[in-house]
Number of protein chains: 4
Amino acid sequence: MGRARLRDLGIKLGRLSTGPLNAITDVAGIVVGHSTLIRDKPAIVRTGVTMIWPHRDIFTDYCFAGFHSFNGNGEMTGTIWLAEQGLLSSPIGITCTHCVGVVRDAICSYAAKKGVKQAFHLPVVAETHDGWLSDAETFPVTEAMAHEALEKAKGGPVEEGNVGGGTGMICHEFKGGIGTASRIAAEAGDSFTVGVLVQANYGARDLLRVDGVPVGREINHDVVPGHRAPFQGAPATTDGSIIVILATDAPLLPIQCQRLARRATTGLGWAGGIGANGSGDIFLAFSTGNCIARDAQHADVRMLGAERMTLLFRAAAEATEEAIINALTAAQTMTGFQGRTLYELPHDKLKQAMAKYRPVS
Amino acid sequence: MGRARLRDLGIKLGRLSTGPLNAITDVAGIVVGHSTLIRDKPAIVRTGVTMIWPHRDIFTDYCFAGFHSFNGNGEMTGTIWLAEQGLLSSPIGITCTHCVGVVRDAICSYAAKKGVKQAFHLPVVAETHDGWLSDAETFPVTEAMAHEALEKAKGGPVEEGNVGGGTGMICHEFKGGIGTASRIAAEAGDSFTVGVLVQANYGARDLLRVDGVPVGREINHDVVPGHRAPFQGAPATTDGSIIVILATDAPLLPIQCQRLARRATTGLGWAGGIGANGSGDIFLAFSTGNCIARDAQHADVRMLGAERMTLLFRAAAEATEEAIINALTAAQTMTGFQGRTLYELPHDKLKQAMAKYRPVS
Amino acid sequence: MGRARLRDLGIKLGRLSTGPLNAITDVAGIVVGHSTLIRDKPAIVRTGVTMIWPHRDIFTDYCFAGFHSFNGNGEMTGTIWLAEQGLLSSPIGITCTHCVGVVRDAICSYAAKKGVKQAFHLPVVAETHDGWLSDAETFPVTEAMAHEALEKAKGGPVEEGNVGGGTGMICHEFKGGIGTASRIAAEAGDSFTVGVLVQANYGARDLLRVDGVPVGREINHDVVPGHRAPFQGAPATTDGSIIVILATDAPLLPIQCQRLARRATTGLGWAGGIGANGSGDIFLAFSTGNCIARDAQHADVRMLGAERMTLLFRAAAEATEEAIINALTAAQTMTGFQGRTLYELPHDKLKQAMAKYRPVS
Amino acid sequence: MGRARLRDLGIKLGRLSTGPLNAITDVAGIVVGHSTLIRDKPAIVRTGVTMIWPHRDIFTDYCFAGFHSFNGNGEMTGTIWLAEQGLLSSPIGITCTHCVGVVRDAICSYAAKKGVKQAFHLPVVAETHDGWLSDAETFPVTEAMAHEALEKAKGGPVEEGNVGGGTGMICHEFKGGIGTASRIAAEAGDSFTVGVLVQANYGARDLLRVDGVPVGREINHDVVPGHRAPFQGAPATTDGSIIVILATDAPLLPIQCQRLARRATTGLGWAGGIGANGSGDIFLAFSTGNCIARDAQHADVRMLGAERMTLLFRAAAEATEEAIINALTAAQTMTGFQGRTLYELPHDKLKQAMAKYRPVS
């Protein structure tokens, strides 16, 4: 597990209640697995794979889903199929940039191994780049790691920080990684959950905010160094990327999932993400509220009324913001490729910064 | 002119410098005109038209442009042409929802009147709805008003608040309207300007933030009432809409203008906009950095390097945020249709709220 | 009524059966109205408005819909809302380019007049340009004409050729206009109808094909002149535009309507449309198979299985092709603005061309 | 090399001239390589990889590009980056569905091996499914095969039919595969080339047309059997997929490349493709007319005038149609997985069918 979660530090974000776990796994049926690879020989590697199953029968019982690319300097496979059909038909993988392919094919081979009868698969695998801390050109991720993350996936609390696909990540020039959060959208007699999981690897220090407080300006590079040294011969950038996976049990149609995905932009903005040029800020939302059997001639599905979306949008924005900050509070200082070190967000200084901007009565 | 601008109150947003006017007219060549209609007979009307000319020869010398719909419960004409060609070929109108048509055709008739030789026009006209303060079903806007706004357009400071298309608008449950701001993106020997003009008519009170300070929670409905009474028989919503027009002299291609437009989402998020279901949050960005003659066989154009976009994105986010707050500080309390009153954001209480969250050293 | 329909001439297209009327009105509930304006004083005008009601309660009981722009040198209002919500909430208007605005606002005013309780409307109005035969710069279409087309709308056979929005149109350099057709998609115990209505105003002569036969090369400009004289000082083009409205009673979701709309491209291609640069080739598909009450908290809707779409796609392509050719066989030679004449497709020469390429046994 | 090309059989399509090779390699600088795998042990495999280099320096000197998904039941990686930046930054791979990942990562590893200094890559790899003739669940394609196709790539005539990614493909229920063609768009003193390469794996027999002649109805299943037996326990479909790569030396911007890509729909329609539900009909167009250095601060680029696009669109449609038919005339009867046989399009019967519909004078 990571160091701590934001709420463990006594800091709350947003107005809506969290689910019991404050995690994507608050949406019933979702399981998450990580495979983490940290080794120094033959090459220094800090990487991994994270897998999210909407439910274990996803190869035959599809979910509605939609995506949004806020800034597309990144990869998410399967989006052409999502744009066409609005159907999620595989678990979702998140890994490092150069390993998208092996993880994508590994989902196909896993289905074949499990005897899924299906001519072919179009899995969703997304990435952020961990080449600053990990020797990415060794292509360290394997099919076995992807299968391990699929196998080990479980409900309950989700590991955050330096795990799975988040292992080598950097966020607002602190150590980044995996984070999760959730919100309850209760209205008109319904209570729906919106859960979010992020792989956070983006952002300039000075833009980081927590509940509006300019934490990044307070804990600046004089306080905690970043990573602005030139890299691979190119000038350093702090662009990075972030993948946001949003899940809900509200019964949404594909076009409504697209709308929900777009709201990750708001939560990202609140935390300080502006979609920098080099960033792959790609968001996917799926709903477990309808289940579409693969070969159905018809499906009877439920659609949430349009006006009911507003509360879900707020839930999505809040949960995205908190999932990002949870990635930061969980992740731990890491030394990696070429002896580089990326520092964690110090809890004490975070608390000090928040206190400094507290209301003065 | 409106009551005041944010910086007049001693409050600054963001890190980049503003242009000399802190207005969209800081981008050379841009002129803006308003036509405002406030009358009580035969019907109570609070409405108008705002026109933005990228330059006066736009019917024959096109600009590259792109748009983004963050939440599409609204209208912007001309977007199908923009998506296809990336060319802005008309002035941009902003008005009330039921008057989009008359303003759109009026741009065509204005061109005809001026003797522009062109088989047809595909103008850009966007809207937000002013039906709470104005009797929208009287369809009060006329061709003459649209022509007036086109004719009167000028450079220099831009009127804000209750003017033009912004006359009857509501923002975060305060009186809203037109706002503008600008930023300088200086890098690598270049200095580009990003200017923004908004017609702000969206948002829930409790989400409003200024530089991260939860102003909307501080100046809540107990302090200044909003407009939550049921409306037209339907439950009240605070959804509204916002149109954001972004202009730059940086030499962008159409696809880069689309990227810039998308960044209004960030600035809107910082101010507290989440793209509520009923909101038409539609953004258009154009560049005056290239000029395409209508019938050119070829054009030689300049493109800003991709990595250079990040600074423009930050400028767009900051200018959008400040333009929204400028609309709020400028707009004045208004009583309108059915005796309803919408209250302005009180400057003193805004300053108090900002002071309350000031850093405690 | 027009001169004749393709099947009246003994020519059949495609393999699927037509509906009883071979018209968009084969989809139950759909009514179509035209308002036609042909006058020589004070200006020579050949124009009109066509209105399609999915059903008469569309302002409160929405249909799912989606659109596709194959080449976006044209206008269709309401598409930003369609992209967001996938809901069609108004009748669909088709008219001339410079009159899109008046027709759009007229739909709003019609709803107001009828006492529809709704804060605002985002109607769908599309256009093609009739400026070669009609003095478009006189802006001849009125609100009253739009209301007339709405009022007069009825089921049963649909007038084709020089009527409504199609009055002044040109297609493959013959006289064009309104055309319609339908197909039955019967499979797995279901029988769905796909109906199409086009306003056809596009295309180069030499590309016209009927059932694959190069009719346009056979009936070339030596046989029947076209309209290649320079126009408005600009070189003549044959670009034009086409609006295709597709309707079905199959229960489709919004994302499936988008897919269906895209298939008009195939039918257009078969007839000889390549989406020339200046063409506004914009397609909208809606489904009457689900009905969404405007203020519903939830809706239970039906979705056709994905594999079942293929037959609908074929139906859409065939019906689009035939609707275009029906516009050509119906339209009559017209003389208009500046004494210009556009000639009809001669039936005898069409039959000769088809016979010339008949199979040789 | 394949059996024959369409023009070798005395059959011509379209009105524009071909380039000297009638191949994508008519666009200067383009090189194409295939790696083909046909083996019966340990599993029966009929598969491969095809690679297209816009030019050999594509990792550092980018091309503008755009894509269109006519029916997205397929995969093309790299499209999120293309949608964002409009820049093609890798060679383009085409392979089988389950091997997209390995080929995608192999492009990254090839760049690393060659010492390209770049933090990460977002390569374009597309697929069609060869599981009817090849044991796809053995995941037969390797990194070495992808590297081989990259290395072996060359200009000049392009192998067609059962080669590279096209090895195991099926088209209109005949043996399909790789095909190519080109057209010259000469106008206003310029002469541009449009080259197309397809991997054709789609289509129902009865829809196949050649120059409008219903060849598929003439050479029906009684004449040459298809492959309608149930497959993998599911009912047989004839959906398949087609990848179309369009290249031009005309100086296009990204948004213009998107437009060009969309025109593959027309050529596909002419050949008989309707974008069946299960089909991944995905098109990519790139222009070698501008070259963007990866780290440029600015680029001076040329843009073809909008009106000049029409001729390119026609070239794209014609070349796509002919490339598909070339795939059919080149491909040879193949027996593969589970003893299944797919038959080639017989040249004599094609010629007979064309003659049967010849003009009767």
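Descriptive notes on the structure:
- Some residue of the range C:334-348 being assigned to a helix (DSSP H, G or I) and β-branched (Val, Ile, Thr): no
- Checked against the criterion of being aliphatic (A, V, I, L, M) and either open to solvent by 60 Å² or more (accessible area, probe 1.4 Å) or assigned to a loop (DSSP other than H, G, I, E, B) (or both), the range A:45-57 contains not a single residue that satisfies it.
- The single condition among (1) in contact with a strand residue (DSSP E or B) (Cβ under 6 Å, 6 or more places away or on another chain); (2) open to solvent by 30 Å² or more (accessible area, probe 1.4 Å); (3) closer than 30 Å to D:Gly189 by Cα that B:Asp295 does not satisfy is (1).
- Filter pass, C:Ser90 being in contact (Cβ under 8 Å) with a residue 12 or more places away in the chain, small (Gly, Ala, Ser), outside any strand (DSSP E or B) and buried (at least 21 other Cβ atoms within 10 Å of the Cβ): yes
- Counting the residues of the range D:107-132 that are in contact with a strand residue (DSSP E or B) (Cβ under 9 Å, 6 or more places away or on another chain) and among the hydrophobic types (A, V, I, L, M, F, W, C) gives 8.
- Qualifying residue in the range D:105-118 (condition: at pLDDT 95 or above, of a type in the set (D, E, K, R) and open to solvent by less than 10 Å² (accessible area, probe 1.4 Å)): no
- Top-ranked residue of the range A:300-340 - restricted to ones that are acidic (Asp, Glu) and more than 14 Å from chain B (Cβ to nearest Cβ), ranked as surrounded by the most Cβ atoms within 10 Å (Cβ to Cβ): A:Glu322
- Test for A:Ala355: is it within 9 Å of chain B (Cβ to nearest Cβ), at pLDDT 95 or above, surrounded by fewer than 22 Cβ atoms within 10 Å (Cβ to Cβ) and out of contact with any His (no Cβ under 9 Å at 6 or more places or on another chain): yes
- Candidates D:Ala264, D:Ala250, D:Ala285, D:Ala276: the one that is modelled with pLDDT of 95 or more and out of contact with any Phe, Trp or Tyr (no Cβ under 7 Å at 6 or more places or on another chain) is D:Ala285.
- Applying the condition of being of a type in the set (A, V, I, L, M, F, W, C) and more than 14 Å from B:Asp105 (Cβ to Cβ) to the range C:128-148 and asking which residue is least open to solvent (accessible area, probe 1.4 Å) yields C:Leu133.
- Inspection of the range D:71-80 finds no residue satisfying the criterion of being open to solvent by less than 10 Å² (accessible area, probe 1.4 Å), away from chain A (no Cβ under 14 Å) and assigned to a loop (DSSP other than H, G, I, E, B).
- Among the residues of the range A:51-70, just one is within 7 Å of another protein chain (Cβ to nearest Cβ) and among the aromatic types (Phe, Trp, Tyr), namely A:Phe70.
Every residue, every condition in (1) buried (at least 24 other Cβ atoms within 10 Å of the Cβ); (2) among the polar types (S, T, N, Q); (3) in contact (Cβ under 8 Å) with a residue 40 or more places away in the chain, yes or no:
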{"site": "D:Thr248", "(1), (2), (3)": "yes, yes, yes"}
{"site": "D:Pro251", "(1), (2), (3)": "no, no, yes"}
{"site": "D:Pro254", "(1), (2), (3)": "yes, no, yes"}
{"site": "D:Gly275", "(1), (2), (3)": "yes, no, yes"}
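- Selection status of A:Glu159, of a type outside the set (Gly, Ala, Ser), surrounded by fewer than 23 Cβ atoms within 10 Å (Cβ to Cβ) and in contact with a Gly (Cβ under 8 Å, 6 or more places away or on another chain): yes
- Number of the condition not met by C:Ala83 [criteria: (1) within 14 Å of chain B (Cβ to nearest Cβ); (2) under 15 Å from the mean Cα position of the chain (by Cα); (3) not polar (S, T, N, Q)]: (2)
- The residue pairs whose first member lies in the range D:296-307 and is closer than 19 Å to D:Asp249 by Cβ and without any contact (Cβ under 8 Å) to a residue 12 or more places away in the chain, whose second member is of a type in the set (D, E, K, R) and in a strand (DSSP E or B), and whose beta carbons are closer than 9 Å, counting only pairs six or more residues apart or on different chains, are D:Ala299/B:Arg302; D:Asp300/B:Asp300; D:Asp300/B:Arg302.
- Of all residues assigned to the range C:270-287, at least one qualifies as being at negative phi, more than 10 Å from every other protein chain (Cβ to nearest Cβ), in a strand (DSSP E or B) and more than 15 Å from the chain's Cα centre (by Cα).
- In the range A:204-237, the residue that is farthest from A:Lys356 (Cα to Cα) out of those that are modelled with pLDDT of 95 or more and of a type in the set (Lys, Arg) is A:Arg205.
The values are calculated or read from the model by the stated rules, or taken from the named source; none is laboratory data. Remember, predicted model here, so these are calculated numbers, not experimental data. Using ideal geometry, Cβ is built from the backbone for each residue, glycine included, and neighbour counts are taken over all protein chains shown. All accessible areas refer to the heavy atoms of the entire protein, side chains included, with ligands and DNA or RNA removed. Shrake-Rupley method; radii C 1.70, N 1.55, O 1.52, S 1.80 Å.
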